[in-house]
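The structure under discussion appears below in the form of structure tokens.
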Amino acid sequence: MLLSKDQIIAANDLPREMVEVTQWGGSVWVRGMSAGERDYFEDKIRTDGMVNLRSLMASMTMIDEDGKRLFTDKEVKQLGEKSAEALDKIVEVASKLSGLLDSDIETLEGN
């Protein structure tokens, strides 16, 4: 089937997954990054290095029931004060859902 522009725009193509975060006593929705978000994320790694990597990705991918981000860019540092183990759970799922591989991060670190 040949897709139209409207069909592409209307497609709900950002996967999401419920993640149990025992450190926080519950679960959160995590979704994959859009292409624009991933570009922004990769640019931040290039310019800022690995500073706040976990909290940045977690803030960009944790969503509420309606698909809206739970945290804003202004709250990344505050989120970075939470458990690294908890954020690692979020980052692992977000990376998988976004098609981001360890080799992608290594490549970005080198640039």
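Residues checked against (1) open to solvent by 90 Å² or more (accessible area, probe 1.4 Å); (2) in contact with a Lys or Arg (Cβ under 6 Å, 6 or more places away or on another chain); (3) in contact (Cβ under 8 Å) with a residue 40 or more places away in the chain:
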{"site": "Ile8", "(1), (2), (3)": "yes, no, no"}
{"site": "Gly25", "(1), (2), (3)": "no, no, no"}
{"site": "Ala35", "(1), (2), (3)": "no, no, no"}
{"site": "Lys44", "(1), (2), (3)": "no, no, no"}
{"site": "Asp48", "(1), (2), (3)": "no, no, no"}
{"site": "Met62", "(1), (2), (3)": "no, no, no"}
{"site": "Asp66", "(1), (2), (3)": "yes, no, no"}
{"site": "Leu87", "(1), (2), (3)": "no, yes, no"}
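The sole residue among Glu17, Glu42 that is among the acidic types (Asp, Glu), under 17 Å from the mean Cα position of the chain (by Cα) and under 19 Å from Leu70 (Cβ atoms) is Glu17. Can you tell me which of Gly36, Gly67, Gly99 is within 11 Å of the chain's Cα centre (by Cα) and closer than 25 Å to Ala10 by Cβ? Checking each option against the conditions leaves just Gly99. Looking for something within 19 Å of Ser34 (Cβ to Cβ), in contact with an Asp or Glu (Cβ under 6 Å, 6 or more places away or on another chain) and modelled with pLDDT under 95 - is there at least one such residue anywhere in the range 84-101? Within the range 84-101, not a single residue is within 19 Å of Ser34 (Cβ to Cβ), in contact with an Asp or Glu (Cβ under 6 Å, 6 or more places away or on another chain) and modelled with pLDDT under 95.
The values are calculated or read from the model by the stated rules, or taken from the named source; none is laboratory data. Computed from a predicted model, the values in this text were never measured in an experiment. Virtual Cβ from ideal backbone geometry, glycine too; neighbours counted across all protein chains shown. Each accessible area value is taken on the protein alone, full model and side chains, heavy atoms only, with ligands, DNA and RNA left out. Shrake-Rupley method; radii C 1.70, N 1.55, O 1.52, S 1.80 Å.
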